[in-house]
Amino acid sequence: MSKSETKKISKSVYAQAPTQKSDESHIIAILVKNESGVLARVIGLYSGRGYNIESLTVAETNQSEHLSRITIVCKGTPSVIEQIKLQLARLVPVLEVSDLTVECAYIERELALVKVACTGDKRIEALRSADIFRARAVDSTLESFIFEITGTADKINAFIDIMTPLGLVDVSRTGVAAISRGKDAMGA
């Protein structure tokens, strides 16, 4: 066979198979009426379809209009995330759904309290590391510290990784709070 015949044979008439998109982490902000059972309905949507929630925060943001903001961090393929957003928007108490990860520039923060039990050199190293991460000691005994740290989830994860060999014994995290940058408000 000649080279031109080989090229003809190796070409497929079928389209290339679609590649499977990998799971991506998304921050979804949901503006809801602050009514009894709203959070349960939103969470029920996730659990009923087998979606996992990595982080969840909820608080009233407009007392006069009785509005709350739910911020959920979840992972999924782009099609799964789109499906989640569409299903959330159909819930009656939901006023607005925004995927901050793709729709706009945003700021995210999380707060964590990190308890480290250590003495001697490990105690000194824990204080040095906390200083580097701009964590502050909010409680101290002769054998332990409780550090308060704020930042992105990655920063907090890195701090926890540093503190683990130094005597990490407990962690309490708030979950991600996120807001879009600029002058526009959600629900405006």
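Which angle between 0 and 90 degrees, to the nearest 10, do you get for helix 153-167 versus the longest principal axis of the chain when only C-alpha atoms count?
50
Sorted by average packing, counted as other Cβ atoms within 10 angstrom per residue and highest first, what order do 25-31, 134-140 take?
Highest mean packing first, the order is 25-31, 134-140.
If we sort 64-77, 92-105 on the protection proxy, mean other Cβ atoms within 10 Å, highest first, what's the order?
My ranking of the peptides, most packed first, is 64-77, 92-105.
For the chain, take the longest principal axis of its alpha carbons; what is the angle in degrees between that and the long axis of helix 78-90, to the nearest 10 within 0 to 90?
Helix 78-90 and the main axis of the chain meet at about 70 degrees.
With the cut-off at 23 Å, report for the chain the share of all Cα pairs above it, as a whole percent.
57
Using θ = phi - 60° and the Karplus form 6.51 cos²θ - 1.76 cosθ + 1.60, what ³J(HN,Hα) does each residue of the stretch 95-106 get, whole Hz, x for Gly and Pro?
Whole-Hz 3J(HN,Hα) from phi for the stretch 95-106: 9, 7, 10, 9, 8, 4, 4, 10, 8, 6, 6, 8.
Relative contact order for the chain: what percent, with Cα pairs under 8 Å and sequence separation of 6 or more?
24
Between helix 120-132 and the chain, what is the angle of the helix's C-alpha long axis to the longest principal axis, kept within 0 to 90° and rounded to the nearest 10?
Roughly 60 degrees, rounded to the nearest 10.
Which order, highest average first, do 170-180, 34-44 follow once you tally other Cβ atoms within 10 Å for each residue and take the mean per peptide?
Going by the mean number of other Cβ atoms within 10 Å, highest first, we get 170-180, 34-44.
Could you list log10 I(q)/I(0) for the stretch 24-103 at q = 0.22, 0.25, 0.26, 0.27 Å⁻¹, which the Debye formula gives when each Cα is one point scatterer?
Calculated log10 I(q)/I(0) at the listed q: -1.01, -1.30, -1.40, -1.50.
Taken together, the values in this text are just the output of simple stated rules run on the coordinates, not laboratory data. It should be emphasised that the depicted structure is a prediction, and the values quoted were computed from it without experimental measurement. All Cβ positions, even for glycine, are placed from backbone atoms using ideal geometry, and neighbour counts span all protein chains on display.
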